[in-house]
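> Submitted below is the structure of interest, expressed as structure tokens.
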Amino acid sequence: MSEARYRKNAGCIYNLHLHFVWCPKYRKKVLQGKVAERLKELLHEKAAALNTEVEGLEIMPDHVHLFVSVPPTDAPQYFANQFKGYTSRVLRREFSHLRTTLPCLWSRSYYVGAAGHVSAETIQKYIETQKTRS
């Protein structure tokens, strides 16, 4: 995203983006073909239901990258659990081979990183100079 894009809710204006990465259990390469296509659809569905916006999505055979704009009302853990839980439930129901080859679809761990248009260094400098700005 080249320019700042702000979203609003009842109490604030925000620009909060999270980058999630997670893998299938045992990092098995099961996210291919129709499974990958369906996973993409499900992630977009769930994003809409969570009032988030998918900014980037890449599904590799053994992991998922999801970059979403999220409201500041919930913790990153909430979004990770929602995306992983929903997609696991639906994919395992629709693709029986996922039930027979894996005890559960996703590993319990994930990566999350926050992204924005301002670096931590810039924010620190801004805060440090507040008393000198009159």
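Read-outs: derived from the displayed coordinates by stated rules, not from any lab. None of these values were measured; they are calculated from a predicted model. Methodologically, a virtual Cβ is constructed for each residue, glycine included, from the backbone with ideal geometry; neighbour enumeration extends over all protein chains shown.
> Please compute the Kirkwood hydrodynamic radius of the stretch 1-77 from all pairs of different C-alpha atoms, in Å with one decimal.
Working: mean 1/r = 0.0730 Å⁻¹.
For the stretch 1-77, the Kirkwood estimate is 13.7 Å.
> A further question on this structure: Could you pull out the GluC sites (Glu not before Pro) across the stretch 1-101 that fall in loop regions by DSSP (anything but H, G, I, E, B) with no more than 12 other Cβ atoms inside 10 Å? Numbers along the way, then the final one.
Values: sites: E3, E37, E41, E45, E53, E55, E58, E94; in loops: E3.
Within the stretch 1-101, the qualifying GluC sites (Glu not before Pro) (loop, at most 12 other Cβ atoms within 10 Å) are E3.
> For the chain, set up a Gaussian network in which alpha carbons nearer than 10 Å are linked by springs, and say which option among A48, A120, A75 fluctuates the most.
Between A48, A120, A75, it is A120 that shows the largest mean-square fluctuation.
> If the convex hull of the alpha-carbon atoms of the stretch 33-130 is projected onto planes in all directions, what is the mean projected area in square nanometres? Don't jump to the answer; show the numbers that get you there.
Numbers: hull surface 30.8 nm².
Result: a mean projected hull area of 7.7 nm².
> What span do the alpha-carbon atoms of the stretch 72-116 cover on each of the three principal axes, reported in whole Å from largest to smallest?
Extents along the principal axes: 39, 17, 15 Å.
> What nm value, rounded to one decimal, do you get for the distance between A48 and T101 when each label is placed 7 Å out toward the C-beta?
That separation, rounded to one decimal, is 2.9 nm.
> Report the number of Lys pairs in the chain whose alpha-carbons are under 20 Å apart, with separation of 8 or more residues or on distinct chains.
Within the chain, the lysine pair count is 12.
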